[in-house]
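Visitor: Take a look at the following structure, please.
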Amino acid sequence: MNTSTQVRIELASGLLAVTLARPDKKNALTTQMYQALVEAFERASADPSIRVVLLDADGADFCAGNDIADFVAMARSAQPLDNSDVFRWLRVLASFDKPLVAAVRGRAVGIGTTLLLHCDLVYVAEDARFSTPFVDLALVPEAASSLLLPARIGHVRAFALFALGETLDGRAAVDFGLANAALPAGQVTPRARAAALTLAGKPAQAIQATKKLMRDHGRMLGVIDAEARVFVERLMSPEAQTAFQAFVTRRAPGA
């Protein structure tokens with residue numbers, strides 16, 4: 001299987017552990033990492049011996065979002081961006097039919113937070129930090145989060161995260177219904193792995209049928225496509241280019 005060295009794949013006891021392994025860059029996602037994630041999740045869907053997927057990350061932070069350098073390159077590309085690897089993975093994620101468990105420590109930014117809306121169990125560190133600063137980059141939400149986040153936590157809380165750039169810690173994420181439990185950082189992966197192994201031991205078809213009943217995959221895919229169209233428009237906008245430059249130079253937009 002062709003995978004990025006920055007996404008580690010391990011299979012044991014029916015559990016496919018997918019680990020983001022770019023800790024020096026806070027696990028910011030690159031095109032190559034998205035390709036590896038697509039391959040891993042497509043493998044998990046097709047292989048009946050894989051019953052559960054555990055998504056984890058090396059280092060102090062879960063995921064710092066999309067690599068900004070890739071955003072800049074995408075904006076300059078002549079390729080159709082709504083069919084890029086990032087949106088391909090979002091569609092695979094929204095369609096994934098097996099249990100998905102996440103272990104989150106440190107910062108979860110942008111897609112690092114929105115991908116959790118597609119997970120079935122989420123265990124987080126008490127001091128984890130969740131943020132979705134799309135508007136700060138002159139962009140819009142993705143991963144069907146414009147539908148899923150307001151449905152989960154309410155419109156006003158979701159809008160504060162999207163538009164004001166507010167953050168949540170691990171305890172607040174549990175209070176808002178975004179996670180199952182907030183734990184000391186060292187307990188997060190063991191707890192998530194134990195839950196995943198418990199799921200792997202249950203009747204697989206019954207679990208998949210339950211997940212299918214609980215999630216409207218068709219509606220999520222439609223929202224992802226709608227978000228992608230607006231996201232690409234925003235990515236190509238002068239407003240976004242100014243925001244990216246401000247981010248790279250570590251100053252606020254308009255400063």
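The values are calculated or read from the model by the stated rules, or taken from the named source; none is laboratory data. Keep in mind that this is a model prediction, so the values were computed, not measured. Ideal geometry is used to build each Cβ from the backbone, glycine not excepted, and the neighbour counts take in all protein chains shown.
Visitor: Here's a check for you: in the range 116-136, which residue that is of a type in the set (Val, Ile, Thr) and assigned to a strand (DSSP E or B) is surrounded by the fewest Cβ atoms within 10 Å (Cβ to Cβ)?
Guide: Let us first name the residues in the range 116-136 that are of a type in the set (Val, Ile, Thr), namely 122, 124, 132, 135.
Now restrict to residues that are assigned to a strand (DSSP E or B): 122, 124.
Details: 122: 24, 124: 33.
So, considering only residues that are of a type in the set (Val, Ile, Thr) and assigned to a strand (DSSP E or B), the one surrounded by the fewest Cβ atoms within 10 Å (Cβ to Cβ) is 122.
Visitor: Taking residue 43, is it of a type outside the set (Asp, Glu), part of a helix (DSSP H, G or I) and either over 21 Å from residue 224 (Cα atoms) or modelled with pLDDT under 95 (or both)?
Guide: Against the criterion (of a type outside the set (Asp, Glu), part of a helix (DSSP H, G or I) and either over 21 Å from residue 224 (Cα atoms) or modelled with pLDDT under 95 (or both)), residue 43 qualifies.
Visitor: Further, regarding this structure: Which condition does residue 88 not pass, out of (1) outside any loop (DSSP other than H, G, I, E, B); (2) under 14 Å from residue 18 (Cβ atoms); (3) touching a helix residue (DSSP H, G or I) at 6+ places or on another chain (Cβ under 7 Å), if it passes all the others?
Guide: In the conditions (1) outside any loop (DSSP other than H, G, I, E, B); (2) under 14 Å from residue 18 (Cβ atoms); (3) touching a helix residue (DSSP H, G or I) at 6+ places or on another chain (Cβ under 7 Å), residue 88 misses (2) alone.
Visitor: Given the conditions (1) in contact with a Pro (Cβ under 8 Å, 6 or more places away or on another chain); (2) over 21 Å from residue 237 (Cβ atoms), report the number of the one that residue 131 does not fulfil.
Guide: The one condition residue 131 does not meet is (1).
Visitor: For the range 142-160, check the following and say yes or no: at least one residue is in contact with a Ser or Thr (Cβ under 8 Å, 6 or more places away or on another chain), modelled with pLDDT of 95 or more, part of a helix (DSSP H, G or I) and under 18 Å from residue 66 (Cα atoms).
Guide: Yes: the range 142-160 contains one or more residues that are in contact with a Ser or Thr (Cβ under 8 Å, 6 or more places away or on another chain), modelled with pLDDT of 95 or more, part of a helix (DSSP H, G or I) and under 18 Å from residue 66 (Cα atoms).
Visitor: Here's a follow-up. Does residue 177 satisfy being assigned to a loop (DSSP other than H, G, I, E, B) and exposed (fewer than 15 other Cβ atoms within 10 Å of the Cβ)?
Guide: On the way: assigned to a loop (DSSP other than H, G, I, E, B): yes; exposed (fewer than 15 other Cβ atoms within 10 Å of the Cβ): yes.
Yes, satisfied.
Visitor: Exactly one condition in (1) of a type outside the set (A, V, I, L, M); (2) farther than 22 Å from residue 247 by Cβ; (3) modelled with pLDDT of 95 or more is false for residue 83; which is it?
Guide: (3)
Visitor: Looking at residue 144, is it buried (at least 17 other Cβ atoms within 10 Å of the Cβ), in contact (Cβ under 8 Å) with a residue 24 or more places away in the chain and at positive phi?
Guide: On the way: buried (at least 17 other Cβ atoms within 10 Å of the Cβ): yes; in contact (Cβ under 8 Å) with a residue 24 or more places away in the chain: yes; at positive phi: yes.
So residue 144 passes the test.
Visitor: Looking at (1) at pLDDT 95 or above; (2) surrounded by fewer than 18 Cβ atoms within 10 Å (Cβ to Cβ); (3) of a type in the set (A, V, I, L, M, F, W, C), find the lone condition where residue 236 falls short.
Guide: (1)
Visitor: For residue 73, are the conditions met, namely being more than 17 Å from the chain's Cα centre (by Cα) and at pLDDT 95 or above? First the steps, then the outcome.
Guide: On the way: more than 17 Å from the chain's Cα centre (by Cα): yes; at pLDDT 95 or above: no.
So residue 73 does not fit the description; no.
Visitor: Looking at the range 3-28, which of the residues that are part of a loop (DSSP other than H, G, I, E, B) and small (Gly, Ala, Ser) is nearest to residue 108 (Cα to Cα)? If you could, list the steps in order and put the result at the bottom.
Guide: Of the residues in the range 3-28, the ones part of a loop (DSSP other than H, G, I, E, B) are 3-6, 13-14, 21-22, 26-28.
If we keep only those that are small (Gly, Ala, Ser) too, we end up with 4, 13-14, 21, 28.
On the way: 4: 21, 13: 28, 14: 27, 21: 14, 28: 10 Å.
Residue satisfying both the conditions and the ranking: 28.
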